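Worksheet: the structure to be examined is printed underneath.
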Amino acid sequence: MSIEEKIQQIQTNVAVTCERAGRDPKSVKLIVVTKTAPTPAILEVLRLGLCDFGENRVQHLKQVADEVADFQAAHAEDGHTPPKVNWHMIGHLQRNKVRQTLKICNTIHSVDTLRLAEEINTQAHKLGVHTNILLQVNCSGEAQKYGCPVGAAIHLAEQFHTMPNLRLVGLMTMAPLTKDTDRVRACFRRAREIFDEIKGERIAGAKFKHLSMGMSQDYEIAIEEGATLLRIGSAIFA
Ligand SMILES: *Cc1c(COP(=O)(O)O)cnc(C)c1O
């Protein structure tokens with residue numbers, strides 16, 4: 001299948017799953033994860049009109065963002081107005097890479113400690129920007145390298161919400177790597193419960209509306225459990 005066909009297939013699956021779950025398909029956004037993709041494939045996605053891209057390594061982010069910007073500049077010369085690309089940082093972020101990341105990304109999905117949030121707030125202030133962040137929570141019930149423990153999520157969300165250059169826009173989680181769909185679903189459901197609690201208690205304000213969950217293997221389950229941002233790579237590029 002071509003990239004175009006794969007994207008169409010995903011969009012169809014999203015629409016069918018939303019229908020089944022009684023959700024508006026417009027409430028679910030596809031973030032195209034470019035980490036394994038060669039540049040021509042990324043440009044192909046851009047030509048198809050998708051403009052939310054996710055990266056998990058700062059090095060590759062810089063390279064790919066430059067190439068996309070060059071492509072768009074060339075297109076602008078042809079008299080087209082290319083869509084504005086939104087870059088999402090979705091992977092573990094070291095504090096010494098925050099500044100570089102903020103120069104490219106307006107949204108960071110993987111904020112899981114107070115120290116990281118403080119550094120993003122400091123650098124965003126210096127750059128004169130407001131950065132959208134999501135609190136990454138480990139809802140998998142197993143030892144994962146990243147994501148705050150479930151029990152720490154509410155308190156961290158409260159602290160993130162007080163930082164003036166951050167906008168806490170949601171939660172992010174990653175399902176366990178397993179074919180056991182019950183465990184995958186339980187993880188997403190846990191994230192949804194924490195999300196509802198933060199929203200219900202008005203801990204985070206009106207911008208708090210996203211659940212970033214669901215990848216190539218599990219995005220349909222994630223939609224059923226309330227995902228608004230899907231992060232999909234290999235189903236498009238592999
Ligand atoms: C790689 C990655 C994805 C996409 O995974 P696929 O299985 O390729 O769809 C999503 N989220 C994060 C954090 C990733 O690192």
Review point. So T101 clears everything in (1) more than 16 Å from the ligand (Cβ to nearest atom); (2) crowded, with 18+ Cβ neighbours inside 10 Å except one condition, right? Which one?
Key: (1)
Study note, to complete from the structure: Those residues of the stretch 212-238 which are buried (at least 24 other Cβ atoms within 10 Å of the Cβ) and touching an Asp or Glu at 6+ places or on another chain (Cβ under 9 Å) amount to M213, G214, L229
Point to revise | Candidate set from the stretch 147-179 (those that are of a type outside the set (A, V, I, L, M) and under 15 Å from the mean Cα position of the chain (by Cα)); member that is surrounded by the most Cβ atoms within 10 Å (Cβ to Cβ) | key: T173
Practice item. Mind listing just one residue for me: the one in the stretch 54-96 that is under 18 Å from the mean Cα position of the chain (by Cα) and among the basic types (K, R) and, of those, farthest from the ligand (Cβ to nearest atom)? Key: K84
Exercise for review: Tell me, yes or no, whether the stretch 115-125 has at least one residue that is under 22 Å from S212 (Cβ atoms), of a type in the set (A, V, I, L, M, F, W, C) and not in a helix (DSSP H, G or I).
Suggested key: no
Point to revise | Count of residues meeting criterion [surrounded by fewer than 12 Cβ atoms within 10 Å (Cβ to Cβ) and in contact with a Lys or Arg (Cβ under 8 Å, 6 or more places away or on another chain)] in the stretch 1-50 | key: 0
Review point. Only one of (1) within 16 Å of the ligand (Cβ to nearest atom); (2) at pLDDT 95 or above; (3) touching a helix residue (DSSP H, G or I) at 6+ places or on another chain (Cβ under 8 Å); (4) among the hydrophobic types (A, V, I, L, M, F, W, C) fails for L134. Which number is that?
Key: (3)
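The values are calculated or read from the model by the stated rules, or taken from the named source; none is laboratory data. Just so it is clear, the structure is predicted and the values come from calculations on it, not from any experiment. Backbone-built Cβ (ideal geometry, glycine too); neighbour counts: all protein chains shown.
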